[in-house]
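Throughout, read-outs are computed from the coordinates displayed, never taken from laboratory work. Quantities reported herein were computed from a predicted structural model and do not represent experimental measurements. Neighbour counts run over all protein chains shown; Cβ positions are idealised from the backbone, glycine included.
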Amino acid sequence: MRLDVITIFPEYLDPLRHALLGKALERGILEVGVHDLRNWASGGHRAVDDTPFGGGPGMVMMPEIWGPALDDVAAGTRDGTVLDSATPHLDAPRHDELNGISGHSYEGESGELPLLIVPTPAGEPFTQEMARQWSNESHIVFACGRYEGIDQRVVDDAAQRYRVREISIGDYVLVGGEVAVLVMAEAIVRLIPGVLGNRSSHEEDSFSDGLLEGPSYTKPRTWRGREVPEVLFSGDHGRIARWRRDQALLRTQERRPELLDTVELSDADERALYSRNVATDLNVLINPADWGRAVAKLPKKLRKAGFDVTDIHAEIVDLTCEPDNMLVTQFEQTEGHVPVTEVLHRVLVNGRSHLDLRELTQLVVRNLPRGTYWYGTTDEGHREPGIAAACAWQDPGS
Ligand code: ADE
């Protein structure tokens, strides 16, 4: 890949010679040409800007300078200063080479025209997806504006020789485009096959699956009294992968909830994101033997349906303290006689679930014998048995 950067501050691009990008230069994967815009300027001051038409603060960069500069760089007639690596690196074999993994490139836009990127706070937001696509380009030119920007006709005219994109790296204003170029160049170049020694290190990046990456840990296992999460020592790769996914989901939900709108969530993902303590509190008119059979199967059935039950309490409500109980009245009206074997129970199911509260009530009731008379609800939180129990107001101890 060849990168050309046109700027009035060529030294600003020096960081491109360091670290990872320096390594890519050394290995011939990357070539960088830096061009001083003032080389195309004339006159004593070699001015590159002028006051804006229509008035207003600041200065606008002039088309007569930018036009020829972009023409020359597109045509490859100016090499500029070709950067070399700042610090030659030992050419030790890398992770993927040792493991016989060859690089693969990401799908990109096709086109013979070079890509011209114009950094501007008024541009489209830069994304990991753009970095991925542009890591496939053979020639990218960056045009760094300063002051109030570049005369718009330069950008419009450049579309004849380039595929032009005006790009912002974030909702803040820098002094010029140079730092934005450093940011974009690094994000793009690290995705070129062979630049990172370990390919999986960018396949697990934040954003590669639409989520922020979760926390990472290394030795020692305990540091300043802080422990590395136990699951990472379990040796159970499935559990570790699930834990990592859960951490990524929870971090994304906390910091960038809007990203979740575009991610496809599995049932396990929904559980990780939306589980909270819930309590289903019901009055049920049921034969004690039937209740015994139902409760034996309840935890497993509810768990399978997405309600992770932690405890179930049931107590028999003495009807003498509630002579006109609604369920008994309903039973009598429907069945034509008073309950004989059926007894009023208060049933409390505590647990965790991502399901809707109504759905949870229905779920518990569906697992009682068909036609059971009941009323009650599910609320968020944990509920202690005994609190708010029917007839509590008649407790002789109170
Ligand atoms: N130039 C000034 N601010 C910028 C930004 N936020 N992104 C890209 N280029 C810029």
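In table form, for the structure just shown:
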| read-out | value |
| --- | --- |
| Whole-Hz couplings from phi, Karplus 6.51/-1.76/1.60, listed for region 264-278; x for Gly and Pro | 7, 9, 7, 4, 5, 5, 4, 4, 4, 7, 10, 5, 8, 5, 9 |
| Inter-centroid distance (Cα atoms) of region 308-355 relative to region 233-265, Å | 40 Å |
| Karplus 3J(HN,Hα) series, Hz, for region 25-41 with 6.51 cos²θ - 1.76 cosθ + 1.60 (x for Gly, Pro) | 5, 4, 7, x, 6, 10, 10, 10, x, 10, 10, 7, 4, 5, 4, 9, 8 |
| Region 204-274: mean projected area of Cα convex hull, nm² | 5.5 nm² |
| Reachable aspartates and glutamates, given that their alpha-carbon falls under 12 Å from the alpha-carbon of Lys304 and they are not under 8 places away in the same chain | Asp267 |
| Percent RCO, i.e. relative contact order, over the chain, from Cα pairs under 8 Å lying at least 6 residues apart | 14 percent |
| Cα pair distances of region 124-168 binned at 5 Å [whole percent] | 5, 15, 27, 27, 17, 9, 0 |
| Approximate shape of the chain as ellipsoid semi-axes (Cα gyration tensor, √5λ), whole Å, largest first | 69, 26, 17 |
| Amide H within-cut-off set for Gly80, under 5 Å, with H built and near neighbours excluded | none |
| Region 276-394 - Rg (one decimal) and Dmax (whole number), Cα, Å | 14.1, 42 |
| Per residue Cα convex hull volume in Å³ - calculated over region 2-203 | 123 Å³ |
| Between region 144-222 and region 1-65, the Cα center-to-center distance that results, in Å | 17 Å |
| Max mean-square fluctuation residue, GNM over the chain, Cα-Cα springs under 10 Å, options Thr310, Thr334, Thr252 | Thr334 |
| Projected label distance in nm at Glu359 and Asp171, using a 7 Å step from Cα toward the beta-carbon | 3.2 nm |
| Hz values of 3J(HN,Hα) by residue in region 244-257 - Karplus curve (6.51, -1.76, 1.60), Gly and Pro given as x | 5, 4, 4, 5, 5, 4, 5, 5, 5, 4, 6, 9, 9, x |
| Interchain or long-range residues, amide H under 5 Å from Ile150's placed H | Met61 |
| Amide proton proximity set for Leu30, modelled H, under 5 Å, gap of 5+ | Leu25 |
